[in-house]
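Trainee: I am attaching a structure below and will ask some questions about it afterwards.
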Number of protein chains: 2
Amino acid sequence: MGVMQIPRRVDYALRAAIYLSHQDPERSCSLAEIARHQGVPRKFLEKIIQNLIRGGLVKSKRGPDGGYALARSPGEISFQNVIEALEGPIAVNVCMSQHLSCDHLPRCTMLGVWNEIQRKVVDVFARTTLADLQRSPCQALASSSSLSSAA
Amino acid sequence: MGVMQIPRRVDYALRAAIYLSHQDPERSCSLAEIARHQGVPRKFLEKIIQNLIRGGLVKSKRGPDGGYALARSPGEISFQNVIEALEGPIAVNVCMSQHLSCDHLPRCTMLGVWNEIQRKVVDVFARTTLADLQRSPCQALASSSSLSSAA
DNA sequence: TTCAAACCAGACTGTTTAGGTCTGGTTTAA
DNA sequence: TTAAACCAGACCTAAACAGTCTGGTTTGAA
């Protein structure tokens with residue numbers, strides 16, 4: 001079950017970022033607070049957030065009453081930013097990653113298809129920011145037409 | 001490297017199906033022939049093709065001079081058919097798979113995004129058939145605009 | 001100044017998946 | 001009756017996944 005499925009850690013990172021986007025940006029949220037609200041294992045989340053810090057998306061404050069806050073405004077943090085802070089560049093097939101060389105060239109007829117998927121996926125992740133989720137508390141059944149422009 | 005990357009076995013299955021789509025449908029292609037032409041490990045490919053057979057996409061002929069051929073015309077075999085024969089239903093996040101239940105509901109604001117990605121990915125895989133690849137031997141640098149209609 | 005609440009860093013671990021391989025069948029044309 | 005081919009499933013190794021553990025360092029406050 002689940003080809004092309006995003007890993008849990010990415011889901012957790014996005015949850016954390018979204019949580020922070022709802023808070024006062026001046027306030028530091030402790031790890032425990034975020035973990036509790038999002039239902040994510042505390043220590044695992046800690047490691048994940050370090051990636052967001054190294055990626056410049058989150059800033060931290062140490063010491064008592066320390067914690068985390070977004071380093072930029074929610075409108076300036078895209079899903080792609082979060083995902084790539086953890087995973088590096090998105091590549092739906094191996095031929096999409098390493099400098100466009102496919103060892104089965106020049107006869108691989110699939111490249112166009114991978115290209116199209118890649119483009120569409122990255123497009124959604126790039127255009128969707130944390131700010132886009134701040135309204136709409138639950139859109140479980142919506143088919144998200146409001147988020148996408150026509151490709 | 002490679003979040004949301006399709007596994008090698010899916011790539012191999014598609015290669016094999018595409019290879020068969022180029023052959024005379026009455027002729028049986030041996031495993032060795034397919035493996036050689038597509039540069040896929042022979043025994044691994046054998047196991048993969050069994051999935052395609054169980055999925056009704058490929059038929060086999062046993063005995064000397066036996067082999068494999070497509071069970072339907074190339075225009076009636078989509079990427080989605082091949083992928084799901086191996087992997088089961090496509091689900092870009094866990095909440096997309098198990099009967100639309102996300103344990104963080106009703107507050108998960110991401111569902112709309114996953115939904116959109118899911119829809120776009122499945123759309124491409126569903127609309128692309130083996131017949132679409134029979135012309136265009138190499139479209140490495142094309143951005144595949146001919147394959148997609150506007151979403 | 002010392003305590004403790006918080007973050008930081010990296011080693012470690014158990015389970016699953018990926019990507020194959022191996023062994024031993026069964027079918028069937030020559 | 002042989003051998004070329006497919007069939008079926010157990011097996012294997014390495015990596016990835018999802019966490020946990022241990023032991024730091026920083027810093028506000030008593």
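The values are calculated or read from the model by the stated rules, or taken from the named source; none is laboratory data. Computed from a predicted model, the values in this text were never measured in an experiment. No Cβ is skipped: glycine too gets one built from the backbone with ideal geometry, and neighbour counts run over all protein chains shown.
Trainee: In segment A:61-103, what residues are surrounded by 16 or more Cβ atoms within 10 Å (Cβ to Cβ) and modelled with pLDDT under 95?
Mentor: Selection gives A:90, A:91, A:92, A:93, A:94, A:95, A:96, A:97, A:102.
Trainee: Something else now. Check segment B:55-70 and report whether any residue there is of a type in the set (Ser, Thr, Tyr), in contact with a Ser or Thr (Cβ under 6 Å, 6 or more places away or on another chain) and within 8 Å of DNA strand D (Cβ to nearest atom).
Mentor: Within segment B:55-70, one or more residues are of a type in the set (Ser, Thr, Tyr), in contact with a Ser or Thr (Cβ under 6 Å, 6 or more places away or on another chain) and within 8 Å of DNA strand D (Cβ to nearest atom).
Trainee: How many residues are over 23 Å from residue B:113 (Cβ atoms), in contact (Cβ under 8 Å) with a residue 12 or more places away in the chain and either away from DNA strand C (no atom under 11 Å from the Cβ) or in a loop (DSSP other than H, G, I, E, B) (or both) when one looks only at segment A:30-83?
Mentor: 3
Trainee: Continuing with the same structure: Which of the following residues is under 20 Å from residue B:96 (Cβ atoms), within 14 Å of another protein chain (Cβ to nearest Cβ), surrounded by 14 or more Cβ atoms within 10 Å (Cβ to Cβ) and of a type in the set (Ser, Thr, Tyr): A:19, A:12?
Mentor: None of the others qualify; the one that does is A:12.
Results for (1) among the aliphatic types (A, V, I, L, M); (2) more than 14 Å from the chain's Cα centre (by Cα); (3) within 13 Å of chain A (Cβ to nearest Cβ), shown as yes or no for each residue.
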| position | (1), (2), (3) |
| --- | --- |
| B:39 | no, yes, yes |
| B:56 | no, no, no |
| B:64 | no, yes, no |
| B:67 | no, yes, no |
| B:74 | no, no, yes |
| B:78 | no, no, yes |
| B:84 | no, no, yes |
| B:93 | no, yes, yes |
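Trainee: Could you please let me know if residue B:27 is away from DNA strand C (no atom under 13 Å from the Cβ), more than 15 Å from the chain's Cα centre (by Cα) and either in a loop (DSSP other than H, G, I, E, B) or modelled with pLDDT of 95 or more (or both)?
Mentor: Yes; evaluated as a whole, the condition is true for this residue.
Trainee: So, in segment A:38-54, how many residues would count as being surrounded by 12 or more Cβ atoms within 10 Å (Cβ to Cβ), more than 8 Å from DNA strand D (Cβ to nearest atom) and at pLDDT 95 or above?
Mentor: 7
Trainee: Please verify whether residue A:113 is closer than 28 Å to residue B:123 by Cα, more than 7 Å from every other protein chain (Cβ to nearest Cβ) and either at pLDDT below 95 or more than 15 Å from DNA strand C (Cβ to nearest atom) (or both), treating the condition exactly as stated.
Mentor: Criteria not met by residue A:113.
Trainee: I'm trying to understand the selection: among the residues of segment B:4-24, which are outside any helix (DSSP H, G or I) and within 13 Å of DNA strand C (Cβ to nearest atom)?
Mentor: B:4, B:5, B:6, B:7
Trainee: Here's a follow-up. Could you please let me know if residue A:1 is within 7 Å of chain B (Cβ to nearest Cβ) and either more than 18 Å from the chain's Cα centre (by Cα) or modelled with pLDDT under 95 (or both)?
Mentor: So residue A:1 fits the description; yes.
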